[in-house]
1. With respect to H113, determine if the residue is out of contact with any Pro (no Cβ under 9 Å at 6 or more places or on another chain) and open to solvent by 50 Å² or more (accessible area, probe 1.4 Å).
2. Return yes or no: is G89 more than 8 Å from the ligand (Cβ to nearest atom), out of contact with any Lys or Arg (no Cβ under 8 Å at 6 or more places or on another chain) and under 20 Å from W109 (Cα atoms)?
3. With respect to F106, is the statement that it is at negative phi and open to solvent by 40 Å² or more (accessible area, probe 1.4 Å) true?
4. Does region 5-20 contain any residue that is open to solvent by less than 10 Å² (accessible area, probe 1.4 Å) and over 15 Å from C69 (Cα atoms)?
5. Could you list, ordered by first residue, the pairs with Cβ atoms under 6 Å in which the first is in region 214-232 and under 23 Å from I186 (Cβ atoms) and the second is part of a helix (DSSP H, G or I) and of a type in the set (S, T, N, Q), at least 6 apart or interchain?
6. Residues of region 125-153 being out of contact with any strand residue (DSSP E or B) (no Cβ under 6 Å at 6 or more places or on another chain) and more than 26 Å from G114 (Cα to Cα), which ones?
7. If I filter region 119-141 for residues that are of a type in the set (S, T, N, Q), more than 11 Å from the ligand (Cβ to nearest atom) and either free of Cβ contacts under 8 Å to residues at least 12 places away in the same chain or surrounded by 23 or more Cβ atoms within 10 Å (Cβ to Cβ) (or both), do I get at least one hit?
8. Return the residues of region 254-295 that are surrounded by fewer than 18 Cβ atoms within 10 Å (Cβ to Cβ) and β-branched (V, I, T); say none if nothing qualifies.
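The values are calculated or read from the model by the stated rules, or taken from the named source; none is laboratory data. The structure presented is a predicted model; accordingly, all values stated were derived computationally and were not measured. FYI the Cβ positions are ideal-geometry reconstructions off the backbone, even for glycines, and counts take in every protein chain you see. Surface accessibility is based on the protein's heavy atoms, side chains included, excluding ligands, DNA and RNA. Shrake-Rupley method; radii C 1.70, N 1.55, O 1.52, S 1.80 Å.
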Amino acid sequence: MTETDRPAVTVLGLGAMGTALAEALLAEGHPVTVWNRTATRADPLVERGAARAATPGEAIAASSLVLTCLLDYASVHEVLDEHGDALRGRVLANLTNGTPAQARRFAEWAACHGADYLDGGIMAVPPQIATPEAFLLYSGSRAAFDTHRGTLAVLGEPHYLGEAAGLAALHDIALLSGMYGMFAGIVHAFAVVRAEGTPAAEFAPLLTRWLSAMGGWAHAAAGQIDSGDYTAGVVSNLGMQAAGFANLIRTAEEQGLSPELLAPFGSLLRRRAEAGHAREDITGVIELLRKGNPA
Ligand code: FVH
């Protein structure tokens, strides 16, 4: 494909992420039309060759593929509700973060306006867009995904999860849940070492090494969780881990730190161990996450 045959793309929303998406598409030679509520944020993209639209409707009319990358679903509705009819016959790929239920409802809204809908989750931060580190999750119209796969691949490796519109958001939210658990641990770990004079930068290499080594635990945990057998191949039993976890809370208290980032997980470990599951693996805690399950 020559640069001039590259499909035209519209990008609605030019925050940090929308700007990175538009830049990547421009760099690959796609004609890009942009719109943002605060119009001046489009200026650097226009200098690089993007077309500025005065309204979302004008932006939608310019391309058969329309990407939305806005703060949340409230802003998506604020931008698109008046322009639903302009979407008829086009592909709308919404890369705005939201819940699976929001994605499903929005897919119905898009279908009512005759648009082919793809829901997307961006698994990258803006500087990673268009690098091998970036991957994006998609669900919804298979035909839309197949038609635009090459264009979507410019942004990062595309993963199609299925026709059910909520699947991309489901996986996005699950991945972010894992990430924020890790971020909470990282912030607490830095507080612990700094409380006794070790600078965060000095500790960071050890922390990174340890978290990388432990990341692979997800594979072993997945086997136990899918089988429901939390006794299979136990290496570090729950009773031992609950006892060790109490030392994390005690250390924070001795240092005058709040243990609130860690305390809820410690309570779950203790409850599960005290309910007779101390010889199992820590994965059995998943049973406590179902509302109304006492142990
Ligand atoms: N940046 C990141 O690290 C993450 C990576 C993974 C994916 N997320 C999601 O991407 C969506 C956009 O995030 P962002 O980083 O671009 O966010 P901001 O830089 O804060 O830009 C927000 C844009 O939304 C526009 N906006 C907000 N409210 C409204 C509204 N009521 N009506 C119209 N537009 C609205 C805002 O416009 P303006 O303030 O410039 O006028 C920006 O274009 C997001 O879902 C992340 O979760 C990013």
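1. no
2. When the stated conditions are applied, G89 passes them.
3. no
4. The answer is no; no qualifying residue exists.
5. Once the first residue is under 23 Å from I186 (Cβ atoms) and sits in region 214-232, its partners that are part of a helix (DSSP H, G or I) and of a type in the set (S, T, N, Q) give A221/T283.
6. Of everything in region 125-153, those that are out of contact with any strand residue (DSSP E or B) (no Cβ under 6 Å at 6 or more places or on another chain) and more than 26 Å from G114 (Cα to Cα) turn out to be V125, P126, P127, Q128, I129, A130, T131, P132, E133, A134.
7. Yes, some residue in region 119-141 is of a type in the set (S, T, N, Q), more than 11 Å from the ligand (Cβ to nearest atom) and either free of Cβ contacts under 8 Å to residues at least 12 places away in the same chain or surrounded by 23 or more Cβ atoms within 10 Å (Cβ to Cβ) (or both).
8. I286, the sole residue that qualifies.
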